[in-house]
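Here's the structure, in structure tokens; my notes come after.
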Amino acid sequence: MTRRRTSRLLALPLVFGLLAAACGSDDGDSDGGGDTTPVATEASGGDEPAEEPAEEPAEEPAENEDVAEAGTEAEGDVDTEAAEATSAVSYGGDIAVGLESEAVGLRPWEDTCSSPCYNIIGTIYDKLMEKDSNGQLQPWLAESISSNEDFTVWTMTLRPGVTFHNGVELTAQTIADMFPVQQGGTVSAGVVGASNLVGVEATGDLEVTYTLGASNSAFPAYLERAALGMVFDPAAAVADPDSYSTAPIGTGPFVIDSRDLDNETKVVRNENYWNSDAEGNQLPYLDSIAFRPIPDEGTRLDAVLSGTVDAMQSLRQGTIRDARADGSLALYEFQGNNVGGGMFNVLKAPFDDVRVRKGLTHLNSQENVIEALGGTGISLPGSQWFSPDSVWYSEKVAAAWPQFDFEGGVALVSEYVNDPERSDGKAVGEKIDVELSCPPDPTLIAAMQVIEQVWSQTELVNVTLTQFDQQTHINKAVTDEHNAHCWRFSDDNDPATYTSAFAPPTPEIAAENGLDGIVSPVNFPNYFSAANFGAAVGAVATDDFDERFAAYESIMLDFAENVPLWYSGHTATMIAADPKLDGILGWHLPQGGDLGIGQQAAEGRWLEVFITS
């Protein structure tokens, strides 16, 4: 893993990698949302909810002496750096790309979008902002963006000469007209609230003014992801929002040609695309791309190896291991902040007691879980939402995280089991009941079996393993039906985009803390700390890196103490391709500028990909 020191202000971006980071230890994340009420400018009033005090275990867990230091690598953990194409560019040709799942819809404001979806919609829509090869935000459809002193007003200038696929010109009024649609979008409404955005106005032909109801020093981070950052034709969207999902209109390098749900989505070259390469040649190079959902990991890899498709994306360590072993494909890998594991529903007994949560976490053997996932030598074990090569990584948090300690875990769970006032209403000495749930992927099932075996060995826990398809798994988290639920957390974006994850999960908790009306559907563990929420809100009121770092470190330290979730390892991702494809990591900022980020989270940018002779 290459250590990247990025900008101290706007280095990373996205909205919540939390919503469908659902397949816990190893699945794709998405822009998440739901209908989140705008967060307050400060978390004031009310005391932190009373919580069962955590008494010391009979034997204090030994301090872990092998905590990863910032910059630590796992053997075989690779970030493939962005690089110029190595062959002479050529035009033409058709390729097919295998995806791990279908994109449920192609409307940025309405449809949840994860890694497979981003591969498709990134060809149709342009974003206002993008990342360069150092991970720093740069303008894309925008030419510039700046803020006032307190980060409540942001002024953006758009690039001239851009038109939609239907010939409509992109102007500042386009962005203003998108805003009412985004305010009512199933996904974007929550993002609008989380960003503190309250108004968008065209203050010139190409000048857009964003007005925020509270400071947000990292607001441009939201303009790099689908919900607020991908530009669509608002008039067409309002006229027929349903058909927009199958026939989307963007300004991107490719135009939708056909969409056969669960079979193939095909895009063809936009002959009037505004962008060009460093030599002034119009982009894109390819004639067409067919995106095909192939859910089974082995089948998708075999499809690339056999030539049925030309490239594939994956977020599975085991698939990366198998692709490496074959050796015939070009592999573009990335492992960042996204971390797998699971979460406890703290509003349900016995998970409302920190002794149970911490005890079960001590009984999670990360090394063995990572091995079951196929990630040994690939994935780093997690201790927080940030990878050891991230600027946000805290060694203090890593040292505080409950490491595997069988005796310590048994002591904590025993203390709860033998407590006459235990919250689950069972008699003293009775085992606790735990439903451990994950989608039915073979590697995820194997990982959950590892955890189940250790928990059962304590003779203190009745474990029931359940598997649901990904959508059902997500819905159970959204509707708070889960118990111990495998999940994934975080992403390679500014932590400002996580704020709603720390907001009150219910109206009752909000009221108890003087935060009436501030309720977040994406606080999936239902764990709330007024101090954490206050730290998250305060972190976007400043652009001072040290102050922001301290705020997020304090939240991660609280997680290490109160353990609303557990971790396995950081998620390794990959795009694997036939070596005849070039330019996968060689795309540039507009008009032949600096190199872009390459790929993160198996999200390919396909506008400068070409077929070599």
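Inter-part distance, the stretch 252-316 to the stretch 111-137, computed on C-alpha centroids, equals 14 Å. For the stretch 533-594, applying the loop criterion from DSSP together with a ceiling of 10 other beta carbons within 10 Å to the chymotrypsin sites (Phe, Trp or Tyr not before Pro) yields no site. Other residues whose C-beta falls under 14 angstrom from the C-beta of Phe291 contribute a net charge of -4, scoring Lys and Arg +1 and Asp and Glu -1.
Panel values: the stretch 452-514, Kirkwood radius from alpha carbon pairs, Stokes-Einstein at 25 °C and 0.890 mPa s, translational diffusion coefficient 164 µm²/s.
In the chain, with Lys and Arg counted as +1 and Asp and Glu as -1 at Cβ, which of these residues, Ala221, Asn272, Asn418, has the Cα nearest the positive end of the dipole, that is, farthest along it? Ranked along the dipole, the leading option is Asn272. For the chain, build the charge dipole from Cβ charges (+1 Lys, Arg; -1 Asp, Glu) around the Cα centre, then report which of Pro495, Ala82, Val537 sits farthest towards its positive end. Farthest towards the positive pole: Ala82. Sequence-ordered 3J(HN,Hα) estimates for the stretch 454-466 from the Karplus curve with 6.51, -1.76 and 1.60 and θ = phi - 60° stand at 5, 4, 5, 4, 5, 6, 10, 10, 8, 9, 10, 8, 10 Hz, glycine and proline given as x. If only the Cβ of Lys and Arg carry +1 and only the Cβ of Asp and Glu carry -1, the dipole of the stretch 74-149 around its Cα centre is close to 280 debye. Farthest towards the positive end of the charge dipole of the chain, among the residues Thr209, Val519, Leu565, is the Cα of Thr209, using unit charges on the Cβ of Lys, Arg, Asp and Glu.
Relative to the longest principal axis of the Cα atoms of the chain, the long axis of helix 406-417 lies at roughly 70 degrees.
Quick check on my link table: of Lys396/Lys431; Lys358/Lys431; Lys358/Lys476; Lys266/Lys580; Lys127/Lys396; Lys131/Lys476, which ones sit more than 27 Å apart, alpha carbon to alpha carbon? Going by Cα-Cα distance, Lys396/Lys431; Lys127/Lys396; Lys131/Lys476 fall outside the 27 Å limit. Can you give me the angle between helix 115-124 and the longest principal axis of the chain, using Cα atoms only, in degrees from 0 to 90, rounded to the nearest 10? So the inclination is approximately 20 degrees. For the stretch 410-515, applying the loop criterion from DSSP together with a ceiling of 12 other beta carbons within 10 Å to the GluC sites (Glu not before Pro) yields Glu421, Glu459. Using 7 Å Cα-to-Cβ label points, what is the Asp326/Asp594 separation (nm, one decimal)? Taking the simple label geometry, Asp326 and Asp594 are separated by 3.5 nm. Using Cβ point charges alone (K and R +1, D and E -1), the dipole size of the chain about the Cα centre works out to roughly 1160 debye.
Summing Lys and Arg as +1 and Asp and Glu as -1 over all other residues whose Cβ lies under 15 Å from the Cβ of Ala142 gives a net charge of -3.
Relative to the longest principal axis of the Cα atoms of the chain, the long axis of helix 297-306 makes an angle of roughly 30 degrees. Computed across the stretch 420-471, the Kirkwood hydrodynamic radius from all distinct Cα-Cα pairs reaches 12.3 Å. Of the three principal axes defined by the Cα atoms of the stretch 408-564, the extents in descending order read 50, 39, 30 Å. Our helix-only sum for the chain, with -39,500 (n - 2.57) per DSSP H run of n ≥ 4 divided by its residues, gives a mean residue ellipticity at 222 nm of -7500 deg cm²/dmol. Please work out, to two decimal places, the log10 of the ratio I(q)/I(0) at q = 0.19 Å⁻¹ from a Debye calculation in which every Cα of the stretch 320-462 carries one identical scatterer. The computed values of log10 I(q)/I(0) come out as -1.20. About its Cα centre, the stretch 253-300 has a charge dipole of approximately 60 debye under the convention of +1 per Lys or Arg Cβ and -1 per Asp or Glu Cβ, with nothing else charged. Residues of the stretch 154-186 with backbone nitrogen within less than 13 Å of a virtual label 7 Å along the Cα-to-Cβ line of Ala239, please, listed as ranges. Those under the cut-off are 165-169. Among the GluC sites (Glu not before Pro) within the stretch 189-271, those in coil by DSSP and having at most 16 neighbouring Cβ atoms inside 10 Å are Glu271.
Here the average projected area of the convex hull drawn through the C-alpha atoms of the stretch 489-578 stands at 7.8 nm².
Read the figures in this text as sums done on the coordinates, not as results from a lab. These numbers come from a predicted model, not from an experiment. No Cβ is skipped: glycine too gets one built from the backbone with ideal geometry, and neighbour counts run over all protein chains shown.
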